[in-house]
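Shown next, in structure tokens, is the structure this report addresses.
The values are calculated or read from the model by the stated rules, or taken from the named source; none is laboratory data. Bear in mind the structure is a predicted one, so any value in this text is a computation, not a measurement. Every residue, glycine among them, receives a Cβ derived from its backbone with ideal geometry; neighbour counts consider all protein chains shown. The protein model used for the area step is the full one, side chains on, heavy atoms only, and it has no ligands, DNA or RNA in it. Shrake-Rupley method; radii C 1.70, N 1.55, O 1.52, S 1.80 Å.
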Amino acid sequence: MPGIKEIRTKIKSVQNTRKITKAMEMVAASKMRKAQERMRAGRPYARKVRDIALHLMQANPEYNHPFLKEREMKAVGVVMVSTDKGLCGGLNTNISRVVLAKLKEFQQKGVAVQTTALGNKGLGLLTRISSKLVSQEIHLGDAPNMERLLGAITVQINDYLAGRIDALYLATTRFINTMRQEPTFIRLLPLAGSLDDPFQAGVSAEQTEGAKLPTTHGWDYLYEPDAQAVIDDLLQRYIEGLLFQAVAENMASEQSARMVAMKAASDNAKKVIGELQLVYNKTRQAAITKEISEIVGGAAAV
């Protein structure tokens with residue numbers, strides 16, 4: 001049985017660890033609220049851009065934008081969104097499993113894959129498996145920066161427009177609620193004709209592929225300078241909105257997962273401290289009993 005000093009040292013060590021995890025839990029809770037507000041604030045903009053783009057495409061069915069053309073898949077691009085730091089439960093592990101499974105699936109079909117990493121953890125994974133990494137962006141901070149994100153994603157979009165890849169996929173974590181975050185693998189390009197919101201609850205990844213353009217309403221617009229230029233700009237904005245929303249969803253998921261993980265760590269530390277206190281008391285009581293027995297024995301011998 002360990003001595004009293006060793007147990008006391010261990011208790012002090014666990015108490016210090018609990019202070020750290022408790023502080024990290026509180027910081028994550030504060031950042032989580034801001035990240036969720038930022039994530040929800042971006043949804044109305046993306047929804048309105050999506051609605052207008054959908055209406056314009058309905059009004060001009062003869063114009064087939066390159067972002068909407070289906071191709072035979074010979075090469076694809078994959079953008080992986082992850083966190084820069086750990087200590088957020090199984091968040092990065094879950095999205096890594098999805099990405100690895102999809103990369104294996106593409107490999108079995110003979111489809112070439114080039115990758116982009118947004119976040120340090122994803123960069124580490126894609127580097128370890130020796131994937132064809134064409135762009136990266138790390139140290140994203142607590143808020144998405146559109147300029148930095150576009151710098152990384154533009155490489156993939158240019159390759160798509162040039163015909164070097166036939167589809168572009170996005171792997172991120174969709175925020176459901178504080179206790180649940182769902183790894184999501186969606187097709188970014190070519191766009192689904194219905195322009196469904198892939199981050200809306202109830203919309204599966206399969207629904208983002210092969211969806212047809214609904215034609216239940218007629219729309220009439222006045223264009224300046226022309227319909228093609230307006231649709232081109234709107235679809236580009238739509239892609240940017242999807243990317244921004246993906247990173248915002250991942251950041252909200254990160255802070256939620258970290259808060260839950262740190263709370264679990266704090267609770268476990270409290271439990272360990274209680275068990276160590278019990279062992280400490282038993283050891284101390286045994287030592288006191290032994291000393292009393294020695295004193296009584298010595299007095300009896302005299």
What part of the accessible area of the chain, given as a whole %, is carbon or sulfur when the probe is 1.4 angstrom? 54
Distant-in-sequence amide H partners of residue 113 (H built 1.01 Å from N, under 5 Å): 76
For a quick check: with amide H placed at 1.01 Å from N, whose amide H comes under 5 Å from residue 79's, ignoring anything fewer than 5 positions away on the same chain? 116, 169, 170, 171
Using helices alone, I'd like the mean residue ellipticity at 222 nm for the chain: each DSSP H run of four-plus residues gives -39500 (n - 2.57), total over residue count, nearest 500. -21000 deg cm²/dmol
Just the accessible area per residue of the chain, please: how many Å² with a 1.4 Å probe? 54
Taking only C-alpha positions in the stretch 124-169, Rg and Dmax in angstrom work out to 12.3, 35
Can you tell me which aspartates and glutamates have their Cα less than 20 Å from the Cα of residue 121? Leave out same-chain residues fewer than eight positions away. 84, 137, 142, 182, 249, 254
Once normalised by the length of the chain, the mean sequence separation of its alpha carbon contacts under 8 Å that are 6 or more apart gives a contact order in percent of 31
HN-Hα couplings for the stretch 130-143 via Karplus (6.51, -1.76, 1.60; θ = phi - 60°), in whole Hz with x for Gly/Pro, come out as 6, 6, 7, 8, 9, 7, 7, 8, 10, 6, 6, x, 8, 9
Equivalent ellipsoid semi-axes, the chain, via Cα gyration tensor eigenvalues times 5, rooted, Å: 57, 20, 14
Peptides 42-49, 111-118: what's the order by average Cβ count within 10 Å, highest mean first? 111-118, 42-49
